[in-house]
1. Among the residues of the stretch 268-281, count how many are surrounded by 18 or more Cβ atoms within 10 Å (Cβ to Cβ) and either in contact (Cβ under 8 Å) with a residue 40 or more places away in the chain or not assigned by TED's automatic domain parsing to the domain that holds residue 227 (or both).
2. Identify the residue in the stretch 106-141 that is part of a helix (DSSP H, G or I) and charged (D, E, K, R) and, among all such residues, is farthest from residue 88 (Cα to Cα).
3. Which members of the stretch 192-201 meet the condition of being surrounded by fewer than 18 Cβ atoms within 10 Å (Cβ to Cβ) and modelled with pLDDT under 95?
4. Do the conditions hold for residue 67, that is, is it closer than 24 Å to residue 165 by Cα and part of a loop (DSSP other than H, G, I, E, B)?
5. Of all residues in the stretch 60-92, which are over 25 Å from residue 143 (Cα atoms) and touching a strand residue (DSSP E or B) at 6+ places or on another chain (Cβ under 8 Å)?
6. Considering only residues of the stretch 248-273 that are over 28 Å from the mean Cα position of the chain (by Cα) and hydroxyl-bearing (Ser, Thr, Tyr), which is farthest from residue 291 (Cα to Cα)?
Amino acid sequence: MGLGEVSLESVSTGLLKQGYIPSPQIVTSVYLAMRLGRPLLVEGDPGCGKTELAKAISGMLGASLIRLQCYDGLDVSSALYDWNYMKQIMEIRIRQARSDLSNLEEDIFSEKFLMKRPLLQALLRKGDTPTVLLIDEIDRTDEEFEGFLLEFLGEFQVTVPEVGTFRAEKPPIVILTSNRTRELGDGLRRRCLYLYLTYPDRDREMEIVRTKLPRVGNELVADVVKAVSSLRSSNAITKRPGISESIAWAEALDSLGKHSLDYPAAVETLSCVLKTPEDLEEARKIMDEHFK
């Protein structure tokens, strides 16, 4: 699918073909982001499908997916570019051995020695194939990096002092995700279109699980989704299970030969869904009530 062929219907169909079951709100947001050339900020709880949406958009378009995984302490050099110091040192030694030091500094700080990180890679992609730039978990960075990113998204160009300015021939499709561990600045929010994802309702989640695991019976899928819903609704669970956990649980139970979910099977396999001893302890209590 080319960007010139984008319509609401084609976005919906395209995402479905990638195994992503979109709501009307998701379809509209993706369509507008592609048509208007605006970054799309996707917020929501962990595990509700934010990162998978970017992957599905990339697959739908046949686009290259470039991912910047954010973390505490991420700086510009890690996200944009760095110099290949080992290669520079080797070049210096070779030139010294040949007694050829003319223009050495200019040469070793040329594009040949530039290590392109995700943001610069996204700018320099050429050809007709679009690029999807996923900036994952932007809320884990600090305000300084967010300010740099705001400028980057505004111009889609960066300047490397020793080399010059790089501009995107075709701006990438940008998807930013946030788990809302901190509040993002108003400037970044204004720059983007906005989509808030919640966990899907039971019918949609069942459809998602069946799409990923077509061999698993409907009764087991329905039982798993219902049990996961009970876990999510409890404030005692610190890390609520996402869609991927529903899929993993259904797959594990199917591998054990289960056709439905009963109390013993649920308790024995809760580790597919929850990953801390505290949550597992609370989950057993929830399952006690769930199966009464």
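The values are calculated or read from the model by the stated rules, or taken from the named source; none is laboratory data. Please read all numbers here as calculations on a predicted model, not as lab measurements. Methodologically, a virtual Cβ is constructed for each residue, glycine included, from the backbone with ideal geometry; neighbour enumeration extends over all protein chains shown.
1. Qualifying residue count for the region: 3.
2. From the stretch 106-141, those part of a helix (DSSP H, G or I) are 106-108, 111-113, 118-124, 138-140; that's our starting set.
Cutting the leftovers down to charged (D, E, K, R) gives us 106-107, 111-112, 139-140.
On the way: 106: 11, 107: 9, 111: 12, 112: 10, 139: 35, 140: 33 Å.
Taking the candidates together, the pick is 139.
3. Of everything in the stretch 192-201, those that are surrounded by fewer than 18 Cβ atoms within 10 Å (Cβ to Cβ) and modelled with pLDDT under 95 turn out to be 198, 201.
4. Values: closer than 24 Å to residue 165 by Cα: yes; part of a loop (DSSP other than H, G, I, E, B): no.
When the stated conditions are applied, residue 67 does not pass them.
5. First, pick out the residues of the stretch 60-92 that are over 25 Å from residue 143 (Cα atoms): 60-65, 84-92.
If the condition is that a residue be over 25 Å from residue 143 (Cα atoms) and touching a strand residue (DSSP E or B) at 6+ places or on another chain (Cβ under 8 Å), then 61, 63, 64, 65, 84 are the ones that fit.
6. 255
Residue-by-condition table, conditions (1) modelled with pLDDT of 95 or more; (2) surrounded by 17 or more Cβ atoms within 10 Å (Cβ to Cβ); (3) assigned by TED's automatic domain parsing to the domain that holds residue 152:
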site	(1), (2), (3)
41	yes, yes, yes
47	no, yes, yes
52	yes, yes, yes
57	yes, yes, yes
63	no, yes, yes
69	yes, no, yes
99	no, no, no
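Conditions (1) under 23 Å from residue 118 (Cβ atoms); (2) outside any helix (DSSP H, G or I); (3) in contact (Cβ under 8 Å) with a residue 12 or more places away in the chain, marked per residue:
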| site | (1), (2), (3) |
| --- | --- |
| 194 | yes, yes, yes |
| 206 | no, no, yes |
| 210 | no, no, no |
| 214 | no, yes, no |
| 224 | no, no, yes |
